[in-house]
Each structure stands twice: as C-alpha cells, then as structure tokens.
Amino acid sequence: MPPRSRARAPSTPAVTPAPGPLHTLLQRAEALSFSDTAQAEALLGRALELARAQGDPHGEGLALVILSSVYFYNSRYPEAIAANEQARALARTHQLPLIETRALSGLGINARVMGEFGQAMEHYQEALRLAQLGGDQENQMRILINIGVLRMNIGEYDLALEAQERARELAAGLGHRVGHSIATVNTVVSFTTWAATTRR
C-alpha cells in the first residue's frame with residue numbers, strides 16, 4: 001500500500017481585516033497555530049466573538065479557517081471539519097472566495113488524513129478551480145502540492161509528479177522558496193516510491 005503521508009503544504013497567510021483588535025487577534029493566533037495551539041485556540045475564541053459582534057463575516061471566516069488548522073494539528077478532525085464547513089457556508093453567503101478556497105483546502109486535507117481519498121480530491125479540485133478563477137497563484141501552488149500528496153497516497157505516481165511539477169513551476173515564478181522546496185521533496189519521494197513499487 002502506498003504511504004499515507006501527513007505532509008501538507010504550508011497554510012496560506014491570512015488576508016486579515018483592517019488594523020484593529022480583530023486584526024491583532026487573528027495575526028497572533030495564526031502565528032501560534034503550530035507552536036502553541038492552546039493559546040491560539042483561546043485567541044480565536046475571542047476573535048470569533050469580536051467578529052460576530054462587529055458583523056464582520058470576513059474576520060469570522062478567517063478565524064474559523066485558522067481554528068480548523070489548530071484542530072487539525074491536535075488530531076481533532078471532526079472539529080476541524082466542522083470549522084471548515086462553517087467557514088465555507090459563511091464564504092458562500094457573503095461571496096468570500098479566498099475564505100472558501102481555504103476552507104475547501106482544509107476539508108480536503110482532513111478527508112485525506114481520514115482515508116476518504118475521493119472526497120479529498122473533490123474538495124481539492126474545487127479549491128483549485130476557485131484559486132484559478134481568482135488568479136491566486138500562491139493558493140494554486142499549495143493546493144497542487146496537496147493534490148500531489150494525495151495522488152501519491154493512492155498510487156497515482158505519474159499524476160503525483162505532474163501536480164508537484166506544476167506546483168514547482170508556480171513556486172519558482174512566485175519566488176516562493178518554501179513552496180518550491182516542499183514540491184521538490186515531494187517529487188523525489190513520489191519518484192522513489194514509484195520506482196520501488198515497480199521493482200517488486
């Protein structure tokens with residue numbers, strides 16, 4: 001069986017609301033979402049309260065997608081899925097394509113980790129479509145990296161390599177060193193795994 005890597009592309013930096021208390025809370029929470037998830041979750045609880053009190057769907061959606069990452073990194077997958085679904089519903093209601101793209105990408109990541117590969121691909125493809133429509137090359141790069149990992153998980157190594165190569169090209173054009181490095185490593189892993197399976 002192909003490896004079920006949990007590797008994922010780095011999260012997209014949030015496009016935050018105008019400077020103010022909500023902006024500060026979201027920035028601090030996203031910065032802590034990998035290193036101090038408990039503190040990040042507390043900050044996001046406050047951010048959600050503030051965004052809802054202000055009637056700010058953009059801020060609320062950002063808080064939800066960041067919160068979904070916090071849940072994911074604590075292996076709280078049902079809660080991560082629920083937060084992404086809330087963010088997506090909010091984004092569709094208020095026409096917030098960046099929020100919807102991030103929510104769909106998060107849903108894809110959670111589905112992949114839970115072994116729901118078909119559902120994961122559906123989420124990724126829809127996220128990629130939205131990113132392409134908006135000309136959002138950075139999110140396209142990240143989604144393609146995740147698609148490549150999923151393709152490798154299900155043994156579609158040729159398509160995995162194709163996705164990672166497209167991600168590498170976008171990263172090179174953007175000057176995105178981290179994304180380029182991740183896509184390059186994933187390319188090597190996909191090729192090596194493919195070669196190992198063909199020798200069996």
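Tabulated results
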quantity: Failed criterion for Ala82 (all others in (1) crowded, with 22+ Cβ neighbours inside 10 Å; (2) without any contact (Cβ under 8 Å) to a residue 24 or more places away in the chain hold); calculated: (1)
quantity: Top-ranked residue in region 49-66 [being part of a helix (DSSP H, G or I) and free of Cβ contacts under 8 Å to residues at least 24 places away in the same chain; ranked as farthest from Ser33 (Cα to Cα)]; calculated: Ala53
quantity: Residues of region 109-120 satisfying the condition of being of a type in the set (A, V, I, L, M) and surrounded by 18 or more Cβ atoms within 10 Å (Cβ to Cβ); calculated: Ile109, Ala111, Val113, Ala120
quantity: Subset of region 121-130 (residues that are free of Cβ contacts under 8 Å to residues at least 24 places away in the same chain and either surrounded by 23 or more Cβ atoms within 10 Å (Cβ to Cβ) or among the aliphatic types (A, V, I, L, M) (or both)); calculated: His123, Leu128
quantity: Residue that is outside any loop (DSSP other than H, G, I, E, B), outside the structural domain of Ala195 (by TED's automatic domain parsing) and modelled with pLDDT of 95 or more, where the choices are Ala167, Ala111; calculated: Ala111
quantity: Residue count for region 82-108, restricted to those that are more than 21 Å from Ile145 (Cβ to Cβ) and either outside any helix (DSSP H, G or I) or in contact with a Pro (Cβ under 9 Å, 6 or more places away or on another chain) (or both); calculated: 6
quantity: Selected residue (criterion: modelled with the highest pLDDT) from residues of region 170-200 that are surrounded by fewer than 16 Cβ atoms within 10 Å (Cβ to Cβ) and outside any helix (DSSP H, G or I); calculated: Gly175
quantity: Gly106 being buried (at least 17 other Cβ atoms within 10 Å of the Cβ) and under 19 Å from Ala167 (Cβ atoms); calculated: yes
quantity: Lone qualifier among Leu144, Leu133, Leu159, Leu150 - being surrounded by fewer than 18 Cβ atoms within 10 Å (Cβ to Cβ) and in contact with a Lys or Arg (Cβ under 6 Å, 6 or more places away or on another chain); calculated: Leu159
quantity: Residues of region 136-164 that turn out to be assigned to a helix (DSSP H, G or I) and either on the phi > 0 side of the Ramachandran plot or in contact with a His (Cβ under 8 Å, 6 or more places away or on another chain) (or both), as a count; calculated: 2
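The values are calculated or read from the model by the stated rules, or taken from the named source; none is laboratory data. Note that this is a predicted model, so its numbers are computed, not measured. Note that each Cβ is placed from the backbone with ideal geometry, even for glycine, and that neighbours are counted across all protein chains shown.
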